[in-house]
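Here is the structure we will look at, set down as structure tokens.
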Amino acid sequence: GAGVSQTPSNKVTEKGKYVELRCDPISGHTALYWYRQSLGQGPEFLIYFQGTGAADDSGLPNDRFFAVRPEGSVSTLKIQRTERGDSAVYLCASSAYGGVVDTQYFGPGTRLTVL
Amino acid sequence: AQSVSQHNHHVILSEAASLELGCNYSYGGTVNLFWYVQYPGQHLQLLLKYFSGDPLVKGIKGFEAEFIKSKFSFNLRKPSVQWSDTAEYFCAVNPPDSNYQLIWGAGTKLIIKP
């Protein structure tokens, strides 16, 4: 079946602009994760959804970052007033039920560049 | 700060060489451990995982990893690498205070010379 998809694959924006990054998880997966991967680093946890609700948003760096999953499938990560330091690859992963025993399946990522 | 360390950022080997990639973590208590791989142009995918039981874990494509609790390590090994093993390898740890968070190492880029 189809894997996790993310759009756009690349996004270039100017400092101060607003961006939205989309994640389509594997159909039927209730758990969805967002990560940020900076150059030369491993992924960094941002937020975890279980169904429609954000079960843990402790990884969001500040209040410029927000994510939603209104119908329990597609999720959108929203970044306001982008800064150059937001440049990174944003990864989405989904798993069937959530919890660490459940394998996370990753999407290809969105490469965000803030000029 | 608690962390996951992968000390080798780049490794270059010839085909048929043996591989060992280091992973150390600084969390006390019970942890769950993972190795993920990202082949060129592909998504991150799970290579193997350890939750409990036999500390020697076998994964896909002939990889294995050994959990040594006393050394806080979970090193990845393969007896004989192939050119197709060229990829970036990430170690990740699920710390004791969470049942879903993964804390990741910085990754090791492995290049296999044909």
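Taken together, the values in this text are just the output of simple stated rules run on the coordinates, not laboratory data. Computed from a prediction, not measured in an experiment: that's the story for all the values here. Using ideal geometry, Cβ is built from the backbone for each residue, glycine included, and neighbour counts are taken over all protein chains shown.
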Quiz item: How many percent of DSSP beta bridges within the protein assembly as shown run antiparallel, rounded to 5?
Solution: 90 percent
Exercise. Grab the Cα-Cα distance for A:Arg81 and A:Lys15, subtract it from 0.36 nm times how many residues apart they are, and report the gain in nm with one decimal.
Key: 23.1 nm
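How many Cβ atoms of partner chains, on average, are near each residue of B:37-44 if near means within 10 Å of its Cβ?
Values: counts 0, 2, 0, 0, 1, 2, 10, 12.
Mean partner-chain Cβ count within 10 Å for B:37-44: 3.
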Self-check item: Relative contact order %, chain B, counting alpha carbon pairs below 8 Å whose residues are six or more apart
Solution: 37 percent
Quiz item: Which FRET efficiency value, to the nearest 0.05, do you get for B:Ile68 and B:Ser18 by plugging their Cβ-Cβ distance into 1/(1 + (r/R0)^6) with R0 = 25 Å?
Solution: 0.90
Quiz prompt | All-pairs Cα distance distribution in chain B, expressed in whole percent, bin size 10 Å | solution = 15, 50, 29, 6, 0
Quiz item: Residues in the range A:1-33 near a label at A:Val74, defined as backbone nitrogen under 19 Å from the 7 Å Cα→Cβ point?
Solution: A:2-11, A:19-33
Exercise. Starting from the Kirkwood radius over alpha-carbon pairs of the protein assembly as shown, derive D by Stokes-Einstein at 37 °C in a medium of 0.692 mPa s and give it in µm² s⁻¹.
Key: 180 µm²/s
Quiz item: What ³J(HN,Hα) values, in whole Hz, does the Karplus curve 6.51 cos²θ - 1.76 cosθ + 1.60 give for the range A:36-49 when θ = phi - 60°, with x put for Gly and Pro?
Solution: 10, 10, 7, 4, x, 10, x, x, 10, 4, 10, 7, 10, 9
Quiz item: Between B:Glu15 and residues 5 or more places away or on another chain, which pairs have amide H atoms under 5 Å apart, with H built 1.01 Å from N, and which residues are they?
Solution: B:Lys113
Self-check item: For chain A: relative contact order, % (alpha-carbon pairs under 8 angstrom, 6 or more apart)
Solution: 37 percent
Exercise. Would you mind checking which residues have amide H under 5 Å from B:Ser5's amide H? H placed 1.01 Å from N; only 5 or more apart, or other chain.
Key: B:Asn24, B:Tyr25
Quiz item: Which one of B:Phe72, B:Ile12, A:Val101 has its Cα pushed farthest toward the positive end of the charge dipole of the protein assembly as shown, where Lys and Arg give +1 and Asp and Glu give -1 at the Cβ?
Solution: B:Ile12
Exercise. Round to a whole angstrom and tell me the spacing of the C-alpha centers of the range A:45-64 and the range B:1-68.
Key: 26 Å
Exercise. Calculate one ³J(HN,Hα) per residue across the range A:66-75 by plugging θ = phi - 60° into the Karplus curve 6.51 cos²θ - 1.76 cosθ + 1.60, and present them in order as whole Hz with x for glycine and proline.
Key: 8, 9, 9, 8, x, 10, x, 10, 4, 10
Self-check item: Residue-wise HN-Hα coupling along the range B:42-59, computed from phi with Karplus coefficients 6.51, -1.76, 1.60 (Hz; x: Gly, Pro)
Solution: 10, 7, 4, 9, 6, 9, 6, 8, 10, 10, 6, x, 3, x, 9, 10, 9, x
Quiz item: Treating the beta-carbon of each Lys and Arg as +1 and of each Asp and Glu as -1, no other charges, what is the dipole magnitude of chain B about its Cα centre, to the nearest 20 debye?
Solution: 60 debye
